[in-house]
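The structure appears below as structure tokens.
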Amino acid sequence: MAYNRKDKIVDNNKKRTGVKLVVILFIVIFLAASVSAALFLWVVPKKESAEKAGLGYDENAVVVTDEDALQKMVDEMQNREGSISLEYKNVAGSGDGTNFSCYIANSAKNKHDMYIGIYSDATYAEELYLSQLLRPGSGIKKFECNKKLEPGSYNVILVFTLVGDDHETIQSQTPVTYTLNVTESNTPQ
């Protein structure tokens, strides 16, 4: 059997066609794998980040269309043990740096007695005032600061502390930013 040049060209063309098919098949598989990986990487992180953030619907959420029902729900939330209702004006004023007029109360909505403390900053190192116990529905309209303050405006920390019936167990404690304003007195000394 003689092997001629024409047979050799046909064999080379078959080899090239086979190689081309293998290359095309490889490219198609590579593209399919790339698209699949891209979709996976695009979808999965979004799902995981939502799960990590703890996002989801609140199982206790309800649709309220009746204002009375909404108020009843708010009242029930406020009456839970350990919750605290705050009642105060955000600024106290003084003409002498010691005696301040204010409005700070234990809301009638609270179930327990409370006391309040006023501190110079969030370290609670310097106590400017500490009240006696306040019954629900009672409050103070003035207080005497433990330290004479110079004229100016002071951002301090007001801490509401709700105590149990034994007056020792803390039921709830809430710090808020509070302002003490001291003006210069025009009274001759």
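Quick notes
- Ranked by solvent-accessible area (1.4 Å probe, protein heavy atoms only, all chains present), the residues 24, 118 order from largest to smallest as 24, 118.
- Three-way shape call for the stretch 101-189 based on the alpha-carbon gyration tensor, with the a/c threshold at 1.5: prolate
- Residue 165 - accessible surface, heavy atoms, 1.4 Å probe, Å² rounded to 10: 130
- In the assembled protein chains, residue 144 presents an accessible area of approximately 110 Å² (probe radius 1.4 Å).
- Under-28-angstrom lysine pairs by C-alpha in the stretch 86-189, whenever the two are 8 or more apart or on separate chains: 10
- Counting only protein heavy atoms and using a 1.4 Å probe, the accessible area of residue 20 comes to about 130 Å².
The values are calculated or read from the model by the stated rules, or taken from the named source; none is laboratory data. Computed from a prediction, not measured in an experiment: that's the story for all the values here. Just so you know, the surface numbers come from the protein's heavy atoms only, side chains and all, with ligands and any DNA or RNA stripped out. Shrake-Rupley method; radii C 1.70, N 1.55, O 1.52, S 1.80 Å.
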